[in-house]
Amino acid sequence: MAIIKSKKRLPGIHPAYHKHTMDMETAMLPVPATVSIPMLQHIGVEAVPVVKPGERVLVGQKIGDSDAPMCVPVHASVSGTVKQIGNMLTSGGKNVKTVVIEADGQQELFSAPAPVRADSREAFLQAVRESGLVGLGGAGFPTHVKLAHKDTAKVDTLIVNGAECEPYITSDYRECIEHPSDIADGIKLVMHHLGLTRCIIGIEKNKPDAIALLSKQTDQMGGVSVMPLKSLYPQGAEKVLIYCATGKILEEGQLPADCGTVVLNVSTVAELARYFRTGMPLVSRRLTIDGDAAGRPGNVMVPVGTPVRTVLEFCNTDLERCRELLMGGPMMGIAVADPDTPVVKNNNAILAFSRPQVSYSKTTACIRCGKCVRVCPVGLMPAGLERAYDNRNLPMLRKMKVNLCINCGCCSYVCPAKRDLAAKNQLAKQIIREKH
Ligand code: SF4
Ligand code: SF4
């Protein structure tokens, strides 16, 4: 099945952007009293703690790892003492081993800043793994796995995703504005070590200053170009971006490498450059704080493992007013019930709303208007999928390719009957996975 059916018409929606925090420079969160660092913060395998309760740890020290290929090392984001190791529910909905560190406020580093050297592709990939980097656009795929494509002769293009099409979130935008040279350095590293000849930086047209800055920054870099993209959701979805940047359609079961591409988020690329410059692994995240219940919206740099509550309090937010907390944007974010849920590597926003963003009470019968079909970026039939899910018709769900759903939420957004189509697709995929 073709992922995007026609070059002429790009499906998607135009939600209200609400990018209130675009001009707000990143603030630093003061060192929190404690951090709870989950051993699984990405798509893959949970790390095993390599520290013990009572042990003193320093910023950047590895506190979890394993030999599994899909495991990513986890590092301490504060200096202090390991208070306990237990299980905790993460924003990803998984109950995972978590290292709780009581911070001493010193932020003592595990090692002095020093550049990381890699003299071969293998050494580069190993270094990327040691950086603890995962996709920072939200998906959280291990970066070292993403870069380790086998068909090196076929892959020639790096696509850097700066679309950031989700409403409210401006974390990647601030990366472009505040650290364009890190993005350029990260691109150089990836292109050099993977032998890529071309790089396309995709940014929505509604961010002209980011386009201008990155164009200037990469002006003298051979093979690198900035591509202004239509402002459309979900422009930043990997498959949509590949199509827009190269015209190539990712067929079912294919990976970006099958289209000759590697796709990385702008913040991932910048973080990669910082790791190779300083040796400091990924221990903090820039979050956009917004929503009508957020007291002081803005962008904040936060140590990984910081409780959501601490970040919101820093932003003068009255938690009593928050009826719904989202980790991520309103389209693809995850609602969290517990404000003590820790921030993890692939979080890019905390949105606080005084009332739920999704209304479950006004659902009416499907009127077969077809709007959900017209906006689906991967060419699915959400109304039909919903019927198949309601009847628990697994063969039909498979036939209608529910596995291709990228959970963008466009179908639910446009449905005049307010049917929760995207959520049902998620549940359908889960059932199919469990039956496998
Ligand atoms: S949530 Fe899935 S079915 Fe709905 S529009 Fe997005 S990709 Fe299509
Ligand atoms: S958009 Fe809603 S009402 Fe229209 S066909 Fe799809 S499910 Fe039915």
As a Kirkwood estimate from alpha-carbon pairs, the stretch 371-435 has a hydrodynamic radius in angstrom of 11.4
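Within 10 Å, count the other beta carbons around each residue, average over each peptide in 74-83, 414-423, and list them highest first.
74-83, 414-423
Given the peptides 134-140, 398-404, arrange them by the average over their residues of other C-beta atoms within 10 Å, most packed first. Mind showing how you got there, number by number?
Numbers: 134-140: 22.7, 398-404: 17.0.
By packing density, highest mean first, the sequence is 134-140, 398-404.
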Please compute P(r) over all alpha-carbon pairs of the stretch 121-278, binned at 5 Å starting from zero, and give each bin as a whole-number percent. 2, 10, 21, 24, 23, 15, 6, 1
For Gln84, enumerate residues with amide H under 5 Å from its amide H, sequence gap 5+ or separate chain, H modeled in the peptide plane. Val100
Which helices of the chain meet both criteria: a Cα extent of 15 Å or more along the helical axis and a mean Kyte-Doolittle score no lower than -1.0, with helices taken as whole DSSP H segments? 180-194, 266-278, 421-435
Eligible aspartates and glutamates near Lys83 by straight Cα distance, threshold 14 Å, same-chain separation 8 or greater: Glu55, Glu102, Asp104
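Go through 301-311, 217-227 and give me the packing order, highest mean Cβ count within 10 Å leading. Mind showing how you got there, number by number?
Working: 301-311: 23.1, 217-227: 15.9.
Ranking, from highest mean packing down: 301-311, 217-227.
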Dividing the surface of the Cα convex hull of the chain by four yields a projected area in nm² of 20.4
What does the helix-only formula give at 222 nm for the chain: each DSSP H stretch with n ≥ 4 adding -39500 (n - 2.57), the total divided by the residues, and the result rounded to the nearest 500 deg cm²/dmol? -7500 deg cm²/dmol
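Work out, in µm²/s and without decimals, the Stokes-Einstein translational diffusion coefficient of the stretch 13-155 at 20 °C, 1.002 mPa s, Rh from Kirkwood over C-alpha pairs.
Values: Rh = 17.2 Å.
For these conditions, the coefficient is 125 µm²/s.
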Starting from one equal scatterer on each C-alpha and no solvent at all, send me the Debye-based log10 I(q)/I(0) for the stretch 250-393 at q = 0.11, 0.14, 0.19 Å⁻¹, two decimals. -0.65, -0.92, -1.09
Could you work out the relative contact order of the stretch 121-278, using alpha carbon pairs under 8 angstrom and six or more residues apart, expressed as a whole percent? 34
Need one number: nm distance between label points at Ala112 and Arg277, each 7 Å from Cα along Cα→Cβ, rounded to one decimal. 2.0
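Just so you know, all these numbers are worked out from the coordinates, no wet-lab data involved. The structure displayed is predicted, hence computed values, not measured ones. Glycine also receives a Cβ, built like all others from the backbone with ideal geometry; neighbour counts cover every protein chain displayed.
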